[in-house]
Amino acid sequence: MNAITFETTPRILCETGGIRHLGRLCAELGARRVLLVTDPGLVKAGLLHGAEASLTESGLDTVLFSDVEADPPEASVEAAVARAREARIDAVVGLGGGSSMDTAKLVALLCGTPQALAEIYGIGLAKGPRLPLIQVPTTAGTGSEVTPISIVTTPTQEKKGVVTPLLYPDVALLDADLTLGLPPAVTAATGIDAMVHAIEAYTSRHKKNPISDAMALKALGLLAANMDRVIADGRDIEARSAMLLGSCLAGIAFANAPVAAVHALAYPLGGHFHVPHGLSNALVLAPVLAYNRPAAEALYAELAAVTCPGRTFADAAEACDAFIATMTDMVGRMPFAQTLREVGVGEGDLDLLARDAMKIERLLVNNPRDLTPEAALAIYRSIL
């Protein structure tokens, strides 16, 4: 067996109503003045009340940064850092989806190091230290609470990543109560996003390992079994809890066995057309699975065991077909856009998307089958 290095968030608390522990957890990290990083939608929805109450009850001062933007641009991240420095905060809480948590990671890091954001794009370039950091996801999708990655949109609409173990938070706090108000379309898109994390981790060409495999399988099983339940009834707390845990486990998996072509093809849709990341992944998932089939048949057959429970198959080819069909059908019945035209993409945009996708080599090297420029263009065209 090849050598394995496996890392994750050191402390994960998964409890319905667990937001009440936030203040205590911050205090245990030595915090006195906390920056709460979130987005305007969560403020409007009233989802900050529990967090703010817990921080206040623990005697902590709270400074709010609620201007997080989707696919956070550099300017938004820099604004959050400036707010944190001005307020002299000594700990950071990210509360929200992937954009809020990615922003919170970078605030905690950039407030603890003299390095500039532009200096740390890439793998392992950040030196640290960072401020104490707690992440509280409000969607079951990104897994950012357990990943060492933060994605930023540059002024040229390119997605760049900061990748360093310093971005693992001290604590991930999973409270399914915070996901109860998610609309069906957001629930669906973030759920598919989490499933993609599990699928791509399990089939990653590099760093695939038995620990990530176990996490990915458990994650995909939880997500597949509960997706239709949370779409049908968003107040189903048992299903919401299962989705949130599944998303976390998928995040742990892909943090150690990196994602691949689905994400590479999704990123230009977010960068150029501001398509939400989960929806971008959902749009390209089925054609990428079909493209990867010649190289990934055996692995997709193994995934069929958790996406098609109780079914038996004559051979790996039949199981692989069932897995791809199940995922394709699931995406097709979700309440979100199903074509690129529905999100504003036209025929004339496809070449740009394909060119930009091919630039994301750090992900494409993980794909089980080499992706050619012609194949990337064909995949986009198939979902136009």
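A short reminder: the numbers here are calculations on the coordinates, not readings from a lab. These numbers were taken from a predicted model, which means no experiment stands behind them. Glycine also receives a Cβ, built like all others from the backbone with ideal geometry; neighbour counts cover every protein chain displayed.
Efficiency by 1/(1 + (r/R0)^6): what FRET value for Glu342 and Val365, r their Cβ-Cβ distance, R0 = 30 Å, to the nearest 0.05?
0.45
With 24 Å as the limit, write out which pairs from Lys127/Lys359; Lys44/Lys160; Lys159/Lys218; Lys105/Lys160 have Cα-Cα distances beyond it, or answer none.
Lys127/Lys359; Lys44/Lys160; Lys159/Lys218
Multiplying the sequence separation of Gln115 and Asp233 by 0.36 nm and subtracting their Cα-Cα distance, what value in nm do you get?
Additional length available on full extension: 37.9 nm.
Looking only at Ala316, Ala242, Ala45, which one moves most when the chain is put into a Gaussian network model with springs between Cα atoms under 10 Å?
For the chain, modelled as a Gaussian network with Cα springs under 10 Å, the answer is Ala45.
Between Arg11 and Ala325, what is the spin-label point distance in nm, taking each point 7 Å from the Cα along the Cα→C-beta axis?
Here the answer is 4.9 nm between the modelled labels.
Between His274 and Ala27, what length in nm is gained on full extension when 0.36 nm per residue of separation is reduced by their alpha carbon distance?
Stretched fully, the His274-Ala27 segment lengthens by 85.2 nm.
Quick one: among Val259, Val288, Val343, which has the greatest mean-square fluctuation in a GNM of the chain with alpha-carbon springs under 10 angstrom?
Largest GNM mean-square fluctuation: Val343.
Obtain the nm distance between the two label points defined at His206 and Thr154 by a simple spin-label model: each point lies 7 Å from its Cα along the Cα-to-C-beta direction.
About 1.9 nm separates the two model spin labels.
Of Asp228, Asp175, Asp102, which is the most mobile in a GNM of the chain whose springs link Cα atoms less than 10 angstrom apart?
Maximum fluctuation in the GNM of the chain, among the listed residues, is at Asp228.
In nm, to one decimal, how far is the Asp67 label point from the Asn2 one, both placed 7 Å along Cα→Cβ?
Placing both labels 7 Å along Cα→Cβ, they lie 4.4 nm apart.
So how do Cys111, Cys14, Cys26 line up by other beta-carbon neighbours within 10 Å, fewest first?
So the ranking, lowest neighbour count to highest, is Cys14, Cys111, Cys26.
Just add up the charged neighbours of Ala257: K/R +1, D/E -1, any other residue whose Cβ is under 13 Å from the Cβ of Ala257. Present the calculation step by step, with values, prior to reporting the outcome.
Values: positive: Arg205, Lys207, Lys208; negative: Glu7, Glu200, Asp213.
Neighbour charge sum, excluding Ala257 itself: 0.
By per-residue mean of other Cβ atoms within 10 Å, what is the highest-first order of 322-330, 129-137?
Going from most to least packed, we get 129-137, 322-330.
Taking the Cα centre of the stretch 208-329 as the origin and placing charges on Cβ (Lys, Arg +1; Asp, Glu -1), which of Ala286, Ala261, Leu303 is farthest toward the positive end of the dipole?
The residue sitting farthest along the positive end of the dipole is Ala261.
Using a Förster distance of 30 Å, how high is the FRET efficiency between Cys308 and Ala214, based on the Cβ-Cβ distance and rounded to 0.05?
It comes to 0.95.
Stretched out fully, how many nm does the piece from Glu78 to Thr56 gain, at 0.36 nm a residue minus the Cα gap?
Length gained between Glu78 and Thr56: 5.3 nm.
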